[in-house]
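*Asks:* Dropping a structure here in structure tokens format, bear with me for questions.
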Amino acid sequence: MNEARGKEEERAVPEAHLTELFSSFQGEGVHVGRRQIFVRFYGCHRNCDYCDTPGSVSARQGSGYRPVTFPVALAAVGDEMRRGTNPVTPHSLAHEIDRLDREAGPHHSVALTGGEPLLHDRFLGAFLPLLKVAGRVIYLETTGDLPARFEKVARWIDIAAIDIKLPGATGEVSRWEAHGDFLERAGASGAEIFVKAVAGAKSTLEELEKAAFVVAEVSPSIPFILQPLTPFEGRGEAPSPAQLSRWQARLSRILDDVRVIPQAHKAVGVR
Ligand code: SF4
């Protein structure tokens with residue numbers, strides 16, 4: 001790319017593609033039950049075996065695929081209210097969030113989810129200041145393995161739900177070093193943070209303890225949520241009650257606050 005073209009692209013208004021925008025209850029982690037507006041971005045660099053949003057995962061779509069439209073919905077009752085058009089700009093999305101908040105709110109916060117929202121760091125750099133001006137609380141859900149991208153948007157994040165991906169559940173390789181780096185930066189950012197690890201029947205105590213030590217190196221008081229895997233479309237297998245009981249007890253020897261929290265939204269039939 002020549003220099004002039006590079007500068008022109010830098011100045012262009014950033015855009016993003018969404019797969020969904022909806023109002024619902026947070027179903028995971030320490031803020032379970034809070035009402036949020038969920039912004040689901042298209043695209044993910046991971047391909048977890050248990051993924052329940054395959055429409056947002058690049059590896060499961062054709063090369064070059066981008067969603068053309070996205071539903072704006074009241075997910076709690078399964079209602080699609082209208083369709084939005086991709087790509088969105090920071091201002092068009094902030095406007096749509098204001099509208100959804102008036103129609104379905106009030107909401108505790110805006111959840112950035114996906115896919116992996118940090119793949120859209122340039123878009124977020126223009127979009128998140130607009131949410132801040134509107135007085136919104138910003139809640140990030142992330143794979144927790146893109147530390148340099150997190151750094152670029154950290155100043156706007158109020159709450160970060162940070163995954164540690166366990167190979168026994170994802171079917172992918174571990175990224176311990178990236179998770180450790182991410183947690184260091186998140187811990188220093190001033191945001192409220194907690195860690196979530198999805199564990200299935202094939203998860204091992206060894207990998208769970210490794211995850212706990214990665215967290216403990218930053219701070220043993222970071223809440224650690226052990227989330228039992230929910231099988232999706234025949235993929236993945238839930239852990240047994242005995243496994244969960246053993247893991248929670250063993251991890252509690254490493255960390256101060258280890259909790260077992262299943263996906264609550266699925267228990268009440270909400271997306
Ligand atoms: S990181 Fe999340 S969105 Fe990406 S593949 Fe895994 S579960 Fe799906």
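The values are calculated or read from the model by the stated rules, or taken from the named source; none is laboratory data. As the structure is a prediction and not an experimental result, all values here were calculated from the model. Glycine gets a Cβ as well: all are built from the backbone with ideal geometry, and neighbour counts include every protein chain shown. Quick note on the areas: whole protein, heavy atoms, side chains included, nothing else; ligands and nucleic acids left out. Shrake-Rupley method; radii C 1.70, N 1.55, O 1.52, S 1.80 Å.
*Asks:* Looking at this structure, is Gly115 under 19 Å from the mean Cα position of the chain (by Cα) and open to solvent by 10 Å² or more (accessible area, probe 1.4 Å)?
*Replies:* yes
Yes/no per residue for (1) within 12 Å of the ligand (Cβ to nearest atom); (2) part of a loop (DSSP other than H, G, I, E, B); (3) closer than 19 Å to Gly171 by Cα:
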{"residue": "Gln36", "(1), (2), (3)": "no, no, no"}
{"residue": "Arg40", "(1), (2), (3)": "yes, no, no"}
{"residue": "Cys44", "(1), (2), (3)": "yes, yes, yes"}
{"residue": "Cys48", "(1), (2), (3)": "yes, yes, yes"}
{"residue": "Ala59", "(1), (2), (3)": "yes, no, yes"}
{"residue": "Gly62", "(1), (2), (3)": "no, yes, no"}
{"residue": "Phe70", "(1), (2), (3)": "no, no, no"}
{"residue": "Glu80", "(1), (2), (3)": "no, no, no"}
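*Asks:* In addition: Could you give me the residue pairs with C-beta distances under 6 Å whose first residue belongs to region 146-172 and is of a type in the set (Ser, Thr, Tyr), whose second residue is open to solvent by 40 Å² or more (accessible area, probe 1.4 Å) wherever it lies, and which are 6+ apart or on separate chains?
*Replies:* From region 146-172, the pairs are Thr170/Asp49.
*Asks:* Which condition from (1) away from the ligand (no atom under 16 Å from the Cβ); (2) over 12 Å from Glu20 (Cβ atoms); (3) of a type in the set (S, T, N, Q); (4) surrounded by 15 or more Cβ atoms within 10 Å (Cβ to Cβ) is the one that Thr85 breaks?
*Replies:* Status for Thr85: all satisfied but (4).
*Asks:* Contact list please: Cβ distance under 6 Å, first residue in region 50-71 and open to solvent by 60 Å² or more (accessible area, probe 1.4 Å), second residue assigned to a loop (DSSP other than H, G, I, E, B) and near the ligand (Cβ under 8 Å from one of its atoms), pairs at least six apart or on different chains.
*Replies:* These pairs meet every condition: Ala59/Asn47.
*Asks:* Quick one: would you say Leu183 is more than 14 Å from the ligand (Cβ to nearest atom), among the hydrophobic types (A, V, I, L, M, F, W, C) and touching a His at 6+ places or on another chain (Cβ under 9 Å)?
*Replies:* no
*Asks:* Looking at Ser174, Ser240, Ser219, which is the one that is in contact with a Pro (Cβ under 7 Å, 6 or more places away or on another chain) and either within 30 Å of Gly55 (Cα to Cα) or surrounded by fewer than 16 Cβ atoms within 10 Å (Cβ to Cβ) (or both)?
*Replies:* Ser174
*Asks:* Next question, about the same structure. Scan the helices (runs of 4 or more DSSP H) fully inside region 141-234 and keep the ones with 2 or more residues being at pLDDT 95 or above, among the basic types (Lys, Arg) and touching a Leu at 6+ places or on another chain (Cβ under 9 Å).
*Replies:* Helices (runs of 4 or more DSSP H) meeting the threshold: 147-153.
*Asks:* Additional query: Can you run down the residue pairs with Cβ atoms below 8 Å, 6 or more apart or on separate chains, where the first is in region 225-240 and within 15 Å of Gly27 (Cβ to Cβ) and the partner is basic (Lys, Arg) and not in a strand (DSSP E or B)?
*Replies:* Listed pairs, sorted by first residue: Thr230/Lys266.
*Asks:* Okay, next question. Of the residues in region 127-140, how many are buried (at least 18 other Cβ atoms within 10 Å of the Cβ) and either in a strand (DSSP E or B) or among the small types (Gly, Ala, Ser) (or both)?
*Replies:* Residues meeting the conditions: 3.
*Asks:* For region 15-34: of the residues being within 14 Å of the ligand (Cβ to nearest atom) and acidic (Asp, Glu), which is farthest from the chain's Cα centre (by Cα)?
*Replies:* Glu20
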